[in-house]
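J.: This structure is in structure tokens; I'll ask about it shortly.
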Amino acid sequence: METITAYTPAEIEQKWYDYWMEHRLFRSTPDTRPPYTIVIPPPNVTGVLHMGHMLNNTLQDVLIRRARMKGFNALWVPGTDHASIATEAKVVQKLKSEGIEKNDLSRDEFLKHAWEWTEKHGGIILKQLRKLGASCDWERTAFTMDEARSESVIRVFVDLYNKGKIYRGVRMVNWDPSAKTAVSDEEVIHREVHGKLYYLRYRLEGSDRYVVVATTRPETIMGDVAVSVNPADPRYADLQGKKVIVPLVNRTVPVIADDYVDIEFGTGVLKITPAHDVNDYMLGEKYGLETIDVFNDDGTINERGGLYVGMDRFAVRQQIAEDLEAAGLMEKVEDYTNKVGFSERTNAVIEPKLSMQWFLAMKEISEPALRAVMEDAVRLIPEKFKNTYRHWMENVRDWNISRQLWWGHRIPAYYLPEGGFVVAETEEQALELARSKTGNPALQIADLRQDEDVLDTWFSSWLWPISVFDGIRHPDNADIRYYYPTSDLVTAPEILFFWVARMIIAGYEYRGERPFNNVYLTGIVRDKQRRKMSKSLGNSPDPLELIATYGADGVRVGMLLCSAAGNDLMYDDALVEQGRNFANKVWNAFRLVQTWQVDETLVDDPAYRETTGRNNAIATEWFGHTLSRAIEEIESDFDQYRISEALMRTYKLFWDEFSGWYLELVKPAYQQPIDGPTYRATLGFFEKLLQLLHPFTPFFTEEIWHRIGTRADGESIMLTAMPQSTGYDSRLLAEFDGVKETITAIRNIRRQKNIPNREALTLYVKPDENYRERYNPVVMKMANLSSIEETTHKIDNASAFIIKSTEYFVPLGDNLNIEEELTKLKAALEYQQGFLRTVMAKLNNERFVAGAPAQVVAGEQAKKADAEAKIAALQQQIAQLS
């Protein structure tokens with residue numbers, strides 16, 4: 001093996017990623033193996049890597065690499081999302097910096113700029129994912145606006161329209177004045193805001209009397225068309241059927257009596273502004289009231305408002321409050337806290353707005369997707385999200401799928417010269433439908449006008465598990481038949497409804513089955529103060545800088561060490577530092593093994609066989625069983641998607657058991673050789689450990705694997721088979737745990753008594769049924785003993801300890817302090833007595849004994865016997881020293 005130096009991640013990571021790419025080791029095509037498939041949650045095409053991406057994609061890569069080593073034909077499909085709102089906003093911002101306004105461009109001119117921007121910045125995040133080690137099949141990279149995906153989206157729109165599930169109508173929508181588009185209910189985040197409650201005076205027509213109305217939004221009074229009171233409110237019984245005058249506006253509006261009005265809120269009088277409040281809109285429809293929309297699309301006041309034209313809505317709120325006060329039309333102003341909706345995309349305050357939009361009827365189409373999750377056809381991990389999913393799906397509202405943007409999939413509706421419209425996949429098909437609908441064969445494409453709006457971005461990504469395999473356009477192609485349904489989806493809980501639920505809906509609508517088997521929902525990456533990481537807070541480290549500092553493997557380990565499914569990760573640089581330290585630990589362990597000289601003749605030496613040979617045979621037997629047990633436990637962890645726990649178990653297996661115990665057990669004395677069988681067993685264990693670690697730490701495991709044996713060009717650890725358990729002996733492992741406890745107890749005595757490690761000690765033991773003489777070579781080497789002697793009585797001037805029921809004594813001569821020894825023994829006795837009380841509480845509980853599995857009860861009885869034996873021995877030792 002070539003000698004290696006210190007671990008330098010930067011030198012090996014690019015080398016091995018290039019190697020994997022050169023040999024197309026991530027490539028997958030249908031074959032006879034069972035498939036394992038993940039589709040990447042497509043990041044925004046112009047996005048850059050952040051900490052959430054790091055966690056999410058590390059988890060996906062762990063699953064993919066492990067599946068590849070388990071014999072599956074593993075495919076991880078990468079791609080990006082066109083992100084209508086975010087990308088258009090960036091292009092508009094870029095154009096403004098160049099002195100160009102979007103409104104001064106034609107649609108085609110703007111889209112040319114948008115495509116240039118996308119081609120320049122798009123895909124950066126996918127290149128960054130390579131630094132993390134992502135083993136995607138990059139030859140399959142998809143984009144939600146490439147030809148295959150775009151045609152699929154349009155085809156689905158036309159199909160759903162023809163099925164009567166897509167319709168067009170005026171509805172109250174969530175309007176984002178910053179993006180100047182409608183957004184869905186799921187894209188609105190409600191936050192508590194500390195504002196004001198304004199009490200305005202509406203004068204009763206033909207009277208000097210005022211009716212006081214409380215509102216949080218005085219800037220909307222220009223759109224008031226009525227006020228309403230509760231018919232059961234005696235304070236306003238005489239107002240019903242009368243009229244009041246809107247302050248400043250001087251419009252006369254009726255007083256309406258309706259049960260909707262909350263008598264307890266404000267003054268019990270409600271102003272009705274149908275164009276700017278969802279509930280007011282419903283009352284307006286109920287009573288046939290006029291709708292006056294006073295806002296422009298950007299949130300400024302329009303001509304219909306009459307006052308404050310051109311001013312921003314929040315500037316108007318401040319100004320109108322001053323003007324009402326000056327006019328004597330403000331009763332009072334109070335501090336008030338209420339929930340306000342914000343755009344998830346732009347953080348602008350949402351404005352309720354009446355708008356002509358396209359909608360997808362959701363109730364019927366959602367039913368199979370609800371059943372799928374409730375019946376675990378699609379399993380959510382962790383399960384706690386099932387109730388949230390059910391609540392949303394049982395109360396699902398029609399999906400507003402149109403957006404007032406230019407970047408995106410343009411709605412394939414074509415308006416006719418004399419009214420009406422047709423829906424078609426192409427202009428040619430639209431013309432054919434238009435001629436048929438109008439009976440006018442002379443119509444030309446130029447006579448038709450395509451809808452200006454584009455589809456909600458989620459309307460393309462809901463097809464992702466199907467469209468990446470071209471399953472909409474070619475529903476029986478080889479890829480969709482082989483890879484669909486996919487295996488696992490890894491994503492964030494906050495898009496459970498935006499994306500996951502809708503993909504399940506689309507899966508049943510267009511494939512008649514689920515799109516994936518399991519959904520692993522990650523937590524949110526937060527800082528030590530539990531704040532969500534964000535650029536604005538300045539609390540989010542640059543992932544690429546972390547990789548440069550700690551190495552990709554170190555960052556991957558750090559991200560996964562404490563990230564159980566559904567639980568937030570409290571990020572700290574100490575985590576990735578721990579990850580780097582682990583990489584160093586493995587690297588240095590290999591450097592140690594690499595320095596050992598092998599002597600194949602040692603096994604022929606009787607003296608060697610009887611001492612070191614016995615020790616090494618015990619060590620290799622023990623670690624073989626330890627490894628098999630760990631493999632089974634790790635397998636169980638993965639079966640339950642306990643990925644963080646699987647990493648920690650593998651981490652401890654290497655750090656504690658292999659490096660801390662096994663290597664120390666078999667390590668030859670200074671400048672002495674090691675026998676061939678032990679050395680080969682050690683390399684075999686090392687290789688299996690590298691294979692177990694590879695899904696978590698792909699780079700250094702590949703490097704060491706290539707150094708640990710002779711490899712042909714194109715070979716890779718990722719193509720080797722994941723180690724399998726050969727079974728393990730629980731009794732042997734329990735016995736060796738006792739050996740480790742014995743060694744630890746002797747080391748503790750050395751530390752307490754300041755006895756140097758180089759000074760050999762003698763150990764006396766009182767043999768009983770738990771004592772195993774066969775392990776003496778191990779104890780002698782690891783505790784540096786000159787001999788182990790059997791005795792039938794207590795040894796004077798010795799420090800004593802008990803392992804299970806076996807008593808041990810380390811003679812100390814003048815080093816023994818009787819008082820200290822008594823204090824130690826009494827503390828141990830008190831602990832064992834307390835432990836026994838806990839065990840007896842269980843065994844004396846009839847319900848526990850009757851209901852617990854037999855092996856659990858037997859385990860408690862064994863604990864009882866062990867504690868009783870230790871108590872008896874401790875009491876005897878205390879009596880002898882007293």
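J.: Within region 237-258, is there a residue that is under 21 Å from Leu204 (Cα atoms), at pLDDT below 90, part of a loop (DSSP other than H, G, I, E, B) and under 45 Å from the mean Cα position of the chain (by Cα)?
T.: no
J.: Further question: Out of Arg772, Arg758, which single residue is out of contact with any Cys (no Cβ under 8 Å at 6 or more places or on another chain), closer than 28 Å to Gln861 by Cβ and of a type in the set (D, E, K, R)? First the steps, then the outcome.
T.: Numbers: Arg758 fails: closer than 28 Å to Gln861 by Cβ.
After applying the criteria, what remains is Arg772.
J.: Something else: Which of the following residues is in contact with a Lys or Arg (Cβ under 8 Å, 6 or more places away or on another chain), among the aromatic types (Phe, Trp, Tyr) and under 17 Å from Arg217 (Cβ atoms): Phe265, Phe314, Phe295?
T.: Details: Phe265 fails: in contact with a Lys or Arg (Cβ under 8 Å, 6 or more places away or on another chain); Phe314 fails: in contact with a Lys or Arg (Cβ under 8 Å, 6 or more places away or on another chain).
Only one candidate passes the filter, namely Phe295.
J.: Next question. What do you reckon, is Phe686 within 37 Å of the chain's Cα centre (by Cα), crowded, with 17+ Cβ neighbours inside 10 Å, in contact (Cβ under 8 Å) with a residue 60 or more places away in the chain and assigned to a helix (DSSP H, G or I)? Give the steps one after another, and end with the answer.
T.: Values: within 37 Å of the chain's Cα centre (by Cα): yes; crowded, with 17+ Cβ neighbours inside 10 Å: yes; in contact (Cβ under 8 Å) with a residue 60 or more places away in the chain: yes; assigned to a helix (DSSP H, G or I): yes.
Yes, satisfied.
J.: Show the residue pairs meeting these rules: Cβ distance below 7 Å; 6+ apart or different chains; first residue within region 811-840 and free of Cβ contacts under 8 Å to residues at least 60 places away in the same chain and of a type in the set (A, V, I, L, M, F, W, C); second residue part of a helix (DSSP H, G or I) and open to solvent by 40 Å² or more (accessible area, probe 1.4 Å).
T.: Leu829/Gln875; Leu836/Lys864; Leu836/Glu868; Val839/Lys863; Val839/Lys864; Met840/Lys864
J.: Let me ask another. Which residues, counting only those in region 160-174, are crowded, with 16+ Cβ neighbours inside 10 Å and at pLDDT 95 or above?
T.: Of all residues in region 160-174, those crowded, with 16+ Cβ neighbours inside 10 Å come to 160-161, 165-166, 168, 171-174.
Selection gives Leu160, Tyr161, Lys165, Ile166.
J.: Related question: Name the single residue that is most open to solvent (accessible area, probe 1.4 Å) among those in region 289-314 being touching a helix residue (DSSP H, G or I) at 6+ places or on another chain (Cβ under 9 Å) and outside any loop (DSSP other than H, G, I, E, B).
T.: Arg304
J.: Testing Leu829 on (1) open to solvent by 40 Å² or more (accessible area, probe 1.4 Å); (2) farther than 19 Å from Ile746 by Cβ, one condition comes back false. Which one is that?
T.: (1)
J.: What's the number of the only condition in (1) basic (Lys, Arg); (2) within 30 Å of Met722 (Cβ to Cβ); (3) surrounded by fewer than 16 Cβ atoms within 10 Å (Cβ to Cβ) that Arg609 fails to meet?
T.: All conditions pass for Arg609, except number (2).
J.: Here's another thing I want to ask about it. As an exercise: evaluate Gly709 against (1) in contact (Cβ under 8 Å) with a residue 24 or more places away in the chain; (2) out of contact with any Leu (no Cβ under 8 Å at 6 or more places or on another chain) and give the number of the one condition it does not meet.
T.: The one condition Gly709 does not meet is (2).
J.: List the number of the failed condition for Glu98; all other conditions in (1) free of Cβ contacts under 8 Å to residues at least 60 places away in the same chain; (2) open to solvent by less than 10 Å² (accessible area, probe 1.4 Å) hold.
T.: (2)
So that you can scan it fast, the table gives a plain yes or no per residue for (1) of a type in the set (A, V, I, L, M); (2) open to solvent by less than 10 Å² (accessible area, probe 1.4 Å); (3) at pLDDT 95 or above:
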{"residue": "Phe385", "(1), (2), (3)": "no, no, no"}
{"residue": "Trp399", "(1), (2), (3)": "no, yes, no"}
{"residue": "Ser402", "(1), (2), (3)": "no, yes, no"}
{"residue": "Gly408", "(1), (2), (3)": "no, no, yes"}
{"residue": "Val454", "(1), (2), (3)": "yes, yes, yes"}
{"residue": "Ser460", "(1), (2), (3)": "no, yes, yes"}
{"residue": "Val468", "(1), (2), (3)": "yes, no, yes"}
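J.: I need every pair where a residue in region 851-871 that is at positive phi has its Cβ under 7 Å from the Cβ of a residue that is surrounded by fewer than 17 Cβ atoms within 10 Å (Cβ to Cβ), sequence separation at least 6 or different chains.
T.: Nothing qualifies.
J.: Let me ask something additional. Which count do you get for residues in region 143-163 that are in contact (Cβ under 8 Å) with a residue 24 or more places away in the chain and out of contact with any strand residue (DSSP E or B) (no Cβ under 8 Å at 6 or more places or on another chain)? Quick ask: steps written out before the conclusion?
T.: First, the residues of region 143-163 that are in contact (Cβ under 8 Å) with a residue 24 or more places away in the chain: 143-145, 148-158, 160-162.
Checking the rest, the ones that are also out of contact with any strand residue (DSSP E or B) (no Cβ under 8 Å at 6 or more places or on another chain) come to 145, 150-152, 154-156.
Matching residues across region 143-163 total 7.
Residue-by-condition table, conditions (1) of a type in the set (Val, Ile, Thr); (2) over 19 Å from Asp456 (Cα atoms):
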| site | (1), (2) |
| --- | --- |
| Lys127 | no, yes |
| Val156 | yes, no |
| Ala182 | no, no |
| His190 | no, yes |
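J.: What is the number of the single condition among (1) touching a Pro at 6+ places or on another chain (Cβ under 7 Å); (2) within 21 Å of Arg107 (Cα to Cα); (3) assigned to a helix (DSSP H, G or I) that Glu425 does not meet?
T.: Tallying (1) touching a Pro at 6+ places or on another chain (Cβ under 7 Å); (2) within 21 Å of Arg107 (Cα to Cα); (3) assigned to a helix (DSSP H, G or I), Glu425 fails exactly one: (3).
J.: Within region 547-576, count every residue that is under 19 Å from Gln529 (Cβ atoms) and more than 18 Å from the chain's Cα centre (by Cα).
T.: Within region 547-576, residues that are under 19 Å from Gln529 (Cβ atoms) and more than 18 Å from the chain's Cα centre (by Cα) number 2.
J.: Can you name every one of the helices (runs of 4 or more DSSP H) wholly within region 772-869 that holds 2 or more residues which are more than 30 Å from Ala669 (Cα to Cα) and hydrophobic (A, V, I, L, M, F, W, C)? Spell out the reasoning first.
T.: Numbers: elements: 776-783, 818-843, 846-851.
Answer list for region 772-869: 818-843, 846-851.
J.: Would you confirm whether or not region 514-527 contains a residue that is among the charged types (D, E, K, R), under 25 Å from Trp462 (Cα atoms) and open to solvent by 50 Å² or more (accessible area, probe 1.4 Å)?
T.: Taking region 514-527 and keeping what is among the charged types (D, E, K, R), we get 514, 526-527.
Going one step further and asking which of them are under 25 Å from Trp462 (Cα atoms), we end up with 514.
Adding the requirement that they be open to solvent by 50 Å² or more (accessible area, probe 1.4 Å) leaves 514.
Yes, the conditions are met somewhere in region 514-527.
The values are calculated or read from the model by the stated rules, or taken from the named source; none is laboratory data. All values derive from a computational prediction rather than experimental measurement. Every residue, glycine among them, receives a Cβ derived from its backbone with ideal geometry; neighbour counts consider all protein chains shown. SASA here: full protein model, heavy atoms, side chains in, ligands and nucleic acids out. Shrake-Rupley method; radii C 1.70, N 1.55, O 1.52, S 1.80 Å.
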